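> Supplied in structure tokens, the structure appears directly below.
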Amino acid sequence: PGGGGAATAAPAADVWRAVTSYERFPDFIPSIISHDVRRGGAGRAVIDQVSQLSRRLNMRSQMTLEAVESPDARSVTLRRVSGHGFLEFEGQYSLSPRPDGSTYLGYSVELVPCPIFPLPLVEQKIRKEVPKMLAAMSRYARRL
């Protein structure tokens, strides 16, 4: 359980393009080791990825995620379909346009790691990585 948010000077349309650029996620999330995206119709994609949870302990997760876009709600939900490392995983990006033309980008995650992954380690990783990920997405959106 965790997440965060960040304001970006980019308009919501550009932030939306950044958040739905699944192929670019390894640029935003340094812990991704391998990443493959298969786009479906109607704002859906399947993402196969391997991520490094701890270099020191050589802990990796492998998951297939389904991305579901909800343009009207300005949100993208990533749900675990299969894999190992997490018994449950659901992350959500949400966009809130601001009157000055900027956008607030939020990210929340609910997860249950496999018993071999200590929860404190996973929570620490989230606290460390989410702000970096949001900052990288924000920088990318400002360049669009």
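> What's the number of the only condition in (1) of a type in the set (A, V, I, L, M); (2) part of a strand (DSSP E or B); (3) open to solvent by 40 Å² or more (accessible area, probe 1.4 Å) that L95 fails to meet?
(3)
> Still on this structure: Of everything in region 26-36, what is buried (at least 16 other Cβ atoms within 10 Å of the Cβ) and at pLDDT 95 or above? Give them in sequence order.
Selection gives H35 alone.
> Looking at (1) under 20 Å from V122 (Cβ atoms); (2) in contact with a helix residue (DSSP H, G or I) (Cβ under 9 Å, 6 or more places away or on another chain); (3) surrounded by fewer than 16 Cβ atoms within 10 Å (Cβ to Cβ), which is the one condition that is false for Q62?
(2)
> Quick one: what pairs do we get from region 119-137, first residue more than 30 Å from A12 (Cβ to Cβ) and open to solvent by 30 Å² or more (accessible area, probe 1.4 Å), second not in a helix (DSSP H, G or I) and not hydrophobic (A, V, I, L, M, F, W, C), C-beta under 9 Å, 6+ apart or different chains?
If the second residue must be not in a helix (DSSP H, G or I) and not hydrophobic (A, V, I, L, M, F, W, C), the pairs left are L119/P113; L121/S54; L121/P113.
> Return yes or no: is G83 surrounded by fewer than 19 Cβ atoms within 10 Å (Cβ to Cβ) and outside any helix (DSSP H, G or I)? Lay out the reasoning, then the answer.
Working: surrounded by fewer than 19 Cβ atoms within 10 Å (Cβ to Cβ): yes; outside any helix (DSSP H, G or I): yes.
Yes.
> While we're on this one: Within region 40-57, count every residue that is under 19 Å from E129 (Cβ atoms) and open to solvent by 20 Å² or more (accessible area, probe 1.4 Å).
6
The values are calculated or read from the model by the stated rules, or taken from the named source; none is laboratory data. Note that this is a predicted model, so its numbers are computed, not measured. Ideal geometry is used to build each Cβ from the backbone, glycine not excepted, and the neighbour counts take in all protein chains shown. The protein model used for the area step is the full one, side chains on, heavy atoms only, and it has no ligands, DNA or RNA in it. Shrake-Rupley method; radii C 1.70, N 1.55, O 1.52, S 1.80 Å.
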